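Before any comments, here is the structure.
The values are calculated or read from the model by the stated rules, or taken from the named source; none is laboratory data. This structure is a prediction, so every number in the text was calculated from the model and none was measured. Note that each Cβ is placed from the backbone with ideal geometry, even for glycine, and that neighbours are counted across all protein chains shown.
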């Protein structure tokens, strides 16, 4: 028996990896975050599978479900939105499974920031404009940020920022970024990236908060901040340069 931590991607059922779809189809038990994983993704589960929505479960109850499945000899598909390596709270579950001696593996998924970049039709690393992407969030009602990871500090580099779990604090986010990025810095907010009800807002730090408020976007969105969003006239990459030695 194995617990399969699976990245469900940004929500579109056809953005699951082939491995994720196979593991879902082979697992008689599936734990998923109902508030984040659309029901269409669950269609990959086998008929009669035990489906457990973890939206209202605390860590102890989730681990109990995993432990009970292990005792029954059942594989478990543990679905997390996006990719398990980012803001998924899998680390604490793995720690509990290690203590219980329950085996597990991890299948990556399409992260929300990648789906958002695809919707924006933008590369986040543009030659001469931006070569660094910082993936972060804000504290608000969540776990406090470690020292040195506040937006004022991270923004000092003027690197491209992708903020998760922060759209509800868009006004405060803008205030913290303005000193480093300036009011004319391009910003995009992508809600429900890659889904049929996707919503994309484009603007600058000067007006994005008002746009988000007018659109009523309050969750399931990423904020992308940086000059790469409006990059034009940048030099071609050395990767495909005719002058590059390919010997």
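At a glance:
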item	result
Residue list for segment 32-58, filter: touching a residue at least 24 places away in the same chain (Cβ under 8 Å) and touching a helix residue (DSSP H, G or I) at 6+ places or on another chain (Cβ under 6 Å)	40, 41, 44, 45
Residues of segment 59-91 satisfying the condition of being part of a loop (DSSP other than H, G, I, E, B) and out of contact with any helix residue (DSSP H, G or I) (no Cβ under 7 Å at 6 or more places or on another chain)	72, 73, 74, 81, 83, 85, 86, 87, 88, 89
Of residues in segment 92-107 being part of a strand (DSSP E or B) and out of contact with any helix residue (DSSP H, G or I) (no Cβ under 7 Å at 6 or more places or on another chain), the one farthest from residue 190 (Cα to Cα)	105
Selection count, segment 108-121, where residues are in contact with a helix residue (DSSP H, G or I) (Cβ under 9 Å, 6 or more places away or on another chain) and in a loop (DSSP other than H, G, I, E, B)	3
So residue 189, is it crowded, with 17+ Cβ neighbours inside 10 Å and closer than 22 Å to residue 144 by Cα	no
Per-region count, segment 9-22, residues buried (at least 24 other Cβ atoms within 10 Å of the Cβ) and either at pLDDT 95 or above or in a strand (DSSP E or B) (or both)	1
Residue among 226, 216 that alone is surrounded by 17 or more Cβ atoms within 10 Å (Cβ to Cβ) and at positive phi	226
Residue list for segment 141-158, restricted to those being within 24 Å of residue 210 (Cα to Cα), surrounded by fewer than 18 Cβ atoms within 10 Å (Cβ to Cβ) and in contact with a strand residue (DSSP E or B) (Cβ under 9 Å, 6 or more places away or on another chain)	158
Among the residues listed as 66, 86, 79, 100, the single one being in contact (Cβ under 8 Å) with a residue 60 or more places away in the chain and surrounded by fewer than 21 Cβ atoms within 10 Å (Cβ to Cβ)	86
Output for segment 134-156, where each listed residue is farther than 21 Å from residue 220 by Cβ and either in contact with a helix residue (DSSP H, G or I) (Cβ under 8 Å, 6 or more places away or on another chain) or not assigned by TED's automatic domain parsing to the domain that holds residue 182 (or both)	150, 152, 155, 156
